[in-house]
1. Hey, what D do you get for the chain in µm²/s if you plug the Kirkwood alpha-carbon radius into Stokes-Einstein at 37 °C and 0.692 mPa s?
2. So what's the stretch 1-158 giving for Cα Rg divided by 2.2 N^0.38 Å, two decimals?
3. May I ask for the net charge around V190, where only other residues with Cβ less than 14 Å from the Cβ of V190 are counted and Lys, Arg are +1 while Asp, Glu are -1?
4. What is the Cα coordinate range of the stretch 164-210 on the first, second and third principal axes, sorted by size from largest, in whole angstrom?
5. With a length cut of 30 Å (Cα positions projected on each helix's long axis) and a Kyte-Doolittle mean of at least 0.5, go through the chain and give me the DSSP H helices that pass.
6. Got a sec? Charge dipole of the chain, +1 on Cβ for Lys and Arg, -1 for Asp and Glu; which of V105, G158, A139 is way out at the positive end?
7. If each DSSP helix of 4+ residues adds -39,500 (n - 2.57) and the sum is divided by the residues in the chain, what number results at 222 nm, nearest 500 deg cm²/dmol?
8. Could I get the Rg over Rh figure for the stretch 123-282? Both from C-alpha atoms, Rh via Kirkwood, rounded to two places.
Amino acid sequence: MTVDGLTDVMGLRVGHATRIGDGWLTGTTVVLAPEGGAVAAVDVRGGGPGTKETDALDPRNLVQKVEAVVLTGGSAYGLDSASGVMAWLEERGRGVRVGPGPTHVVPVVPAACVFDLGRGGDFAARPDAAVGRAAVEAAASSEPGAQVPEGCVGAGTGATIGPVKGGVGTASTVLDSGVTVGALVVCNAVGSAFDPGTGALYGELFQGGAERPAPDVHDAARRRLAGLAAHRPQPPLNTTVAVVATDAELTKAQAQKLAGVAHDGIARAVRPAHLLTDGDTVFGLATGTRPLDSTSPLALNEVLAAGADLVTCAIVRAVRAAESVDAPGGTWPSYTELYGAR
């Protein structure tokens, strides 16, 4: 399995808008589909989701393709960032055509948010339409296949995962069939990414490549985290959101299955997951440039299994790429600061 990024799915582009300082610690990430859109579906497992336009993705409903997906900080307030993305798409005539004019379109832009309110110090500092526009412009101006920045950027700017800093991670693979599968995850969970008894990352344990920290390193990390916890209240709400994509030709129902199975990747890397105070949401995208063998269920199964594995990999990458933050809203050390790089 390679570990490059979502943009290895040909036609997809990713842009971040990051806001830090003066009370800000948040941002927005946009996954921009190729012109003409991508088949899209969604699966929501968390008990406290914040989403927009997810009903349109139900396989029983009219809309087949979307032009972009928005992942954003700012809790439900941050969903306003999708308005900026919609406006940008409207100006270019991209969306569901509803009239004869070149801009007579309605862009369907599904979105999901994570809770990071007040982590930068100002509860009112959250993404709006201007931030969404900045993120989609960053995506549109990026080169095809460009490397996706990871860590404390975009929607992962103010993310935390358990007691440490969270962020954005991404990964991809090419299957033996030639199909490409990729994932991008914003990790902002109530649960933890590492075993409290050893400090090993759950995702790396699952992947079979975990390096257990030395006992003295783990003891020092536990003391540091205990000291911080005594002075910082537990964040009330969190969420892990993701986009899992493939260049395979999928129906909306198959894309929904891809999104559903990908939740297993969250559960492997974050414990516990899908709680009432999480809003865990996964979008499934299919650009449809590569036919899938419809005569064999194994072909689809390989895509589904890869999606789950890549979500786990992306969460590990997010945790390892995150940097420590000392902000007015709290102090969150990075996993790497506590346990060192691999």
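The values are calculated or read from the model by the stated rules, or taken from the named source; none is laboratory data. It should be emphasised that the depicted structure is a prediction, and the values quoted were computed from it without experimental measurement. Ideal geometry is used to build each Cβ from the backbone, glycine not excepted, and the neighbour counts take in all protein chains shown. We work out accessible area using only protein heavy atoms, side chains counted, and drop any ligands, DNA or RNA first. Shrake-Rupley method; radii C 1.70, N 1.55, O 1.52, S 1.80 Å.
1. The calculation lands on 168 µm²/s.
2. Details: Rg = 15.3 Å, N = 158, 2.2 N^0.38 = 15.1 Å.
The stretch 1-158 yields a ratio of 1.02.
3. Net of charged neighbours comes to -1.
4. Projected onto the principal axes, the Cα atoms of the stretch 164-210 cover 40, 23, 12 Å.
5. Values: long enough: 297-321 (36 Å, 1.18).
Both cut-offs are met by 297-321.
6. G158
7. Here the helix-only value at 222 nm equals -8500 deg cm²/dmol.
8. Taking Rh as the inverse mean 1/r over Cα pairs, Rg/Rh reads 1.00.
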